[in-house]
Amino acid sequence: MLSQLGDEAKLLAGGQSLIPLMKLRFANPSHLVDLNFIPGTAYIKEEGGSVRFGALTRHAEVERSGIASRVPILHDCAAGIADTQIRNRGTIGGSLAEADPSGDWAAVLLTQKTEIRCLSPRGERTLPLTGFISDAYTTLLDHDELVSEIVVKTPEKNSGGAYLAFKRSAPVYPTASAAVQLVMEGEFCKDAAIVLGCVGLVPVKATAAEGALRGSKIDDKAVTAAMEAVRAAVDPQPDMRGSAEYKRELAAALVKRAIAIAARRARGEQVEVSHIYA
Ligand SMILES: Cc1cc2nc3c(=O)[nH]c(=O)nc-3n(C[C@H](O)[C@H](O)[C@H](O)COP(=O)(O)OP(=O)(O)OC[C@H]3O[C@@H](n4cnc5c(N)ncnc54)[C@H](O)[C@@H]3O)c2cc1C
């Protein structure tokens, strides 16, 4: 239908980004192609060492899913998105396709081995999430292509992740957020993935901060070095949520907390987290 209706037609999933944009007249599609009536597009399955999400899976379904909860960082993310109404409608596929610089899913899923399955009249292709978001509100999707499935490799044993976002209140996007996934070998960090949200036009992969942890004990020295690297990596825009300097400091502080929780989870501890409200 998108091919037939042309460039001005748009897909509608949960409508929690598109409808507000239409109300503000920032988006004015000629047609809406509603995905909600296609059966079999919302599911969470564990298969072949991966968790697979149908693109139309709602944030609330991920929040309540026993399968997703076994990868705690996924639960952290889903449970903190906006409020109940938005979580009941908004979809994981819509969030990645929207590529909002403040969206939660992209930052979290970039700490995981995540692939995006895409469908168009030319067939199916699978893209790594790394590189899928090319700019603010921009992805590699062609106009007539949709996200059909999100595939997240189950993290290896001895690993733990955490996602923390700082918000002024529930139904707003975060001021800054930090996603951390650690693989531990005894007391040492074997591998680390750190991605920051809301502090750049796309989620920021803090490569130097990851390097500061990799091969080290998770002690004050390593964490301080990671925080310093985060301050250098982010490029926040000043806006109503705070100054650039404030957001830079916030990102570093969130990373410190997320590292501590991820390390505890990697040791097998059950740690409940929720987003932090101002
Ligand atoms: C008040 C408010 C607060 C919010 N706060 C947060 C927050 O804190 N964190 C957060 O992450 N999000 C937040 N959101 C956004 C919410 O998570 C949305 O659900 C999400 O961004 C988009 O998902 P959707 O299913 O609603 O997509 P839609 O609004 O239906 O679509 C968004 C865009 O993606 C395209 N699209 C949708 N599905 C697909 C698909 N399968 N394939 C290809 N293209 C597709 C659409 O054409 C459209 O361009 C908030 C929204 C509101 C209204």
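The values are calculated or read from the model by the stated rules, or taken from the named source; none is laboratory data. Small disclaimer: the values here were computed from a predicted structure and weren't measured. Ideal geometry is used to build each Cβ from the backbone, glycine not excepted, and the neighbour counts take in all protein chains shown. Just so you know, the surface numbers come from the protein's heavy atoms only, side chains and all, with ligands and any DNA or RNA stripped out. Shrake-Rupley method; radii C 1.70, N 1.55, O 1.52, S 1.80 Å.
Per-structure values
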{"quantity": "Listed residues Ser50, Ser30, Ser69, most fluctuating in the chain (Gaussian network, C-alpha, under 10 Å)", "calculated": "Ser30"}
{"quantity": "Lys217-Ser69 FRET efficiency (beta carbon distance; Förster radius 35 Å; 0.05 resolution)", "calculated": "0.75"}
{"quantity": "Violating pairs (Cα-Cα greater than 18 angstrom) within the set Lys205/Lys247; Lys113/Lys205; Lys167/Lys205", "calculated": "Lys167/Lys205"}
{"quantity": "Accessible area expressed per residue, the chain, with surrounding protein chains retained (probe 1.4 Å, Å²)", "calculated": "48"}
{"quantity": "³J(HN,Hα) computed for each position of region 88-101 - Karplus, 6.51 cos²θ - 1.76 cosθ + 1.60, integer Hz, glycine/proline x", "calculated": "6, 9, x, 10, 5, x, x, 5, 5, 5, 5, 6, 5, x"}
{"quantity": "Cleavage-rule hits, trypsin sites (Lys or Arg not before Pro), region 1-71, DSSP coil, Cβ neighbours within 10 Å at most 14", "calculated": "Arg25, Arg70"}
{"quantity": "Expected 222 nm ellipticity per residue - DSSP helices of 4 or more, -39500 (n - 2.57), all of the chain, to 500", "calculated": "-9000 deg cm²/dmol"}
{"quantity": "Amide H within-cut-off set for Thr139, under 5 Å, with H built and near neighbours excluded", "calculated": "Ser134"}
{"quantity": "³J(HN,Hα) computed for each position of region 68-76 - Karplus, 6.51 cos²θ - 1.76 cosθ + 1.60, integer Hz, glycine/proline x", "calculated": "5, 5, 6, 10, x, 4, 5, 5, 3"}
{"quantity": "Net charge, Arg52 excluded, C-beta distance under 12 Å - Lys, Arg +1, Asp, Glu -1", "calculated": "-1"}
{"quantity": "Sequence-separation-based contact order of the chain, relative, with Cα cut under 8 Å and 6+ spacing, percent", "calculated": "16"}
{"quantity": "3J(HN,Hα) from dihedral phi, region 257-270, Karplus parametrisation 6.51/-1.76/1.60, rounded to Hz, x for glycine, proline", "calculated": "5, 5, 4, 4, 5, 4, 5, 5, 5, 5, 7, x, 6, 8"}
{"quantity": "Fraction in percent of alpha-carbon pairs per bin - 5 Å, the chain", "calculated": "1, 6, 13, 18, 19, 17, 12, 8, 4, 2, 1, 0"}
{"quantity": "5 angstrom amide H check on Ser50, placed H, neighbours 5+ away", "calculated": "Thr154"}
{"quantity": "Accessible surface of the chain, 1.4 Å probe, proportion on carbon and sulfur as whole %", "calculated": "53"}
{"quantity": "Built amide H within the under 5 Å cut-off of Thr175, gap 5+", "calculated": "Phe166, Lys167, Arg168"}
